[in-house]
Amino acid sequence: MANRTDGPNLGRRSFLGGAATIGTGAALLGSGAPALAYEGPAPQVDFPEDPRAFGGGPAGTNTRAEIDLYDCEVEGSLPSDLDGAFYRVGPDPQYPKDPKWAGDIPFDGEGHVSMFRIKDGHVDYRTRYAKNQRWKAQHEARRSLFGMYRNHMTDDPSVEGLSRGTANTQLFVHHKKLLVFKEDSPPVAMDPLTLETTDDYYTFGGKLESQTHTAHPKIDPITGEYLSFGYEAGGFLSKDVNVFTADRDGNINWSVTVEAPYAGMMHDFAMTQRHVVLYLTNMAANLPQMEAGGVHFAYDSSLPCYMGVMRRGGDGKDIKWFTGPNMFCTHVMGAWSVGDKVISDWDGGEANQFPFFPQLHEPFDFKKSTGYIRRFTVDLSKKSNDTFQVETIYPEVTGVLSRQDDRFHTLPYRYGYLQGNGGWWMIDHGDKTTQLISVPDYRLSEMTFVPRQPDSDEGDGYLIGIGSSVKEAGRSDLILVDTKRVADGPIARIKMPFKVVGQVHGFWAGAQDIGAKA
Ligand code: V55
Ligand code: FE
């Protein structure tokens, strides 16, 4: 199976990258650019009713509207010293798909970023699409030009060489940039306050050695380093996994490439102070399926899942791939090293958690997809050992999208959070207690932990996230719960006059990180 080596065309990329948000069409039509493949005027914009037919999210969250809402309505009391921004991102399809690609999946909509800027008890709301290469080309053409999820063979020929990245999965603030991710491509950089796209293909000053970048980078709270990786790093179907760190200013200071057992989805990862933990799920890249016009992955239960562990800062030759009971793990709650032991907590099911990807051997199993908190241990001191230990901790807790107090990435940690049963699970590994926070008549999306003060103790602060009002057709509140006064219910609700754009993940950044003026 040949690797695609003709990655993004850098000349054309810089050309487009250098063009202003508008004017891309002129760039496309300029000398040397291939003729546009489509013909005739762009079709009228008419989305099908079923959001699955255009790569959309849950019905009603496809807004396409870039919004500025100054001074939102606040109910309850917003802490007057809370100063920062809550960011979210999710797919919000820009155009209906060509009917040929009506079977596309929700993960393929163009990334729409929203921000709640909170300061002095006031909240300003702003949303902007990530103006990536894909968005710009489609904007100019007034139509969808990209076919199925992560399948360039289904694209309009006019977009060959452009980044397919949608920037629809997660975002992160580091070295004063808001970086927005899709795991098949490098990040898009935005201004953290204006949400203007400043780079449609951000490569850390040209030093990024991977053609891809995870949606889940981490921070080293001791060194301030940015910790990251990319799978299919060598391009389409590549087994390469690139792992790197960058200093506080975004300069890559360690980068190593290892080979995975096969090309499959590696959605999240962990880094501890001493080790790197990769997890390869059996959601495998499937060339025949793509050649037949399908999506990038198919769930193949006959393949083992692997946990790859290596030393941080080394040359990667020590990477060791462990197997054990197959677990479909998606997100890391926390991870740390104790000597040669590496412990990582993930949310995961026993089988595929994404019903919209084809399964090769059996129908989707809802029960087996249920996410629990799985604690993995590998022991690197036992040289002949190649299995991981995995334990389901807190069997009463089911959910997805696990989080922690981000200031404890890489370190032993006490508090974890998980979305489940329409509410937010709060896990205390110290007391081994669990608590489900729910808000009557609301369904809660993924939460993010916000420290009360930048130097507050672990877990002392707020959980912030969107609640959908069941009685008001899904109208949104931004909900804030004090982690030390959970029984009081939400301490503040920002009442939005509409249903906000959907999200996959959210991220909190304090004023000191977003370039805000005092
Ligand atoms: C995930 C989400 C994605 C994706 C791959 O949540 C994995 C997991 C929103 O896009 O492309
Ligand atoms: Fe994720």
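May I ask you to verify whether V180 is within 16 Å of ligand 1 (Cβ to nearest atom), open to solvent by less than 30 Å² (accessible area, probe 1.4 Å) and among the β-branched types (V, I, T)?
Against the criterion (within 16 Å of ligand 1 (Cβ to nearest atom), open to solvent by less than 30 Å² (accessible area, probe 1.4 Å) and among the β-branched types (V, I, T)), V180 qualifies.
Note down all Cβ pairs under 7 Å where the first residue falls in segment 129-158 and is free of Cβ contacts under 8 Å to residues at least 40 places away in the same chain, the second is open to solvent by 20 Å² or more (accessible area, probe 1.4 Å) and within 15 Å of ligand 1 (Cβ to nearest atom), and they're at least six residues apart or on different chains.
R134/R164; F146/R164
Among (1) under 18 Å from V500 (Cβ atoms); (2) at pLDDT 95 or above; (3) open to solvent by 30 Å² or more (accessible area, probe 1.4 Å), which single condition is R452 missing?
(1)
Just for segment 232-262: of the residues that are in a loop (DSSP other than H, G, I, E, B) and within 17 Å of T323 (Cβ to Cβ), which one is least open to solvent (accessible area, probe 1.4 Å)?
Filtering segment 232-262 for residues that are in a loop (DSSP other than H, G, I, E, B) and within 17 Å of T323 (Cβ to Cβ), the one least open to solvent (accessible area, probe 1.4 Å) comes out as A260.
Give segment 118-158 a look and list any residue that's part of a strand (DSSP E or B) and either within 16 Å of ligand 2 (Cβ to nearest atom) or open to solvent by 30 Å² or more (accessible area, probe 1.4 Å) (or both), or say none.
K119, H122, D124, R126, R128
Given the criteria within 23 Å of D200 (Cβ to Cβ), more than 16 Å from ligand 1 (Cβ to nearest atom), modelled with pLDDT of 90 or more and among the aromatic types (F, W, Y), does Y95 qualify?
Answer is yes for this residue.
What is the one condition in (1) out of contact with any strand residue (DSSP E or B) (no Cβ under 6 Å at 6 or more places or on another chain); (2) within 14 Å of ligand 1 (Cβ to nearest atom) that H139 does not satisfy?
So H139 meets the others, but not (2).
Would you check if V309 is over 23 Å from V390 (Cα atoms) and open to solvent by less than 30 Å² (accessible area, probe 1.4 Å)?
So V309 does not fit the description; no.
Exactly one condition in (1) on the phi > 0 side of the Ramachandran plot; (2) open to solvent by 30 Å² or more (accessible area, probe 1.4 Å); (3) within 16 Å of ligand 1 (Cβ to nearest atom) is not met by Q211; state its number.
Among (1) on the phi > 0 side of the Ramachandran plot; (2) open to solvent by 30 Å² or more (accessible area, probe 1.4 Å); (3) within 16 Å of ligand 1 (Cβ to nearest atom), the lone unmet condition for Q211 is (1).
Working carefully through the options V397, V450, V378, V390, find the one that is touching a residue at least 24 places away in the same chain (Cβ under 8 Å) and in a loop (DSSP other than H, G, I, E, B).
V397
Conditions first: (1) at pLDDT below 95; (2) in contact with a Cys (Cβ under 9 Å, 6 or more places away or on another chain). K383 passes all but one, so which condition is the exception?
(2)
The values are calculated or read from the model by the stated rules, or taken from the named source; none is laboratory data. The shown structure was predicted, so the numbers you read here are calculated from the model rather than taken from an experiment. All Cβ positions, even for glycine, are placed from backbone atoms using ideal geometry, and neighbour counts span all protein chains on display. When the accessible area is computed, the model is the full protein with side chains, heavy atoms only, and any ligands, DNA or RNA have been set aside. Shrake-Rupley method; radii C 1.70, N 1.55, O 1.52, S 1.80 Å.
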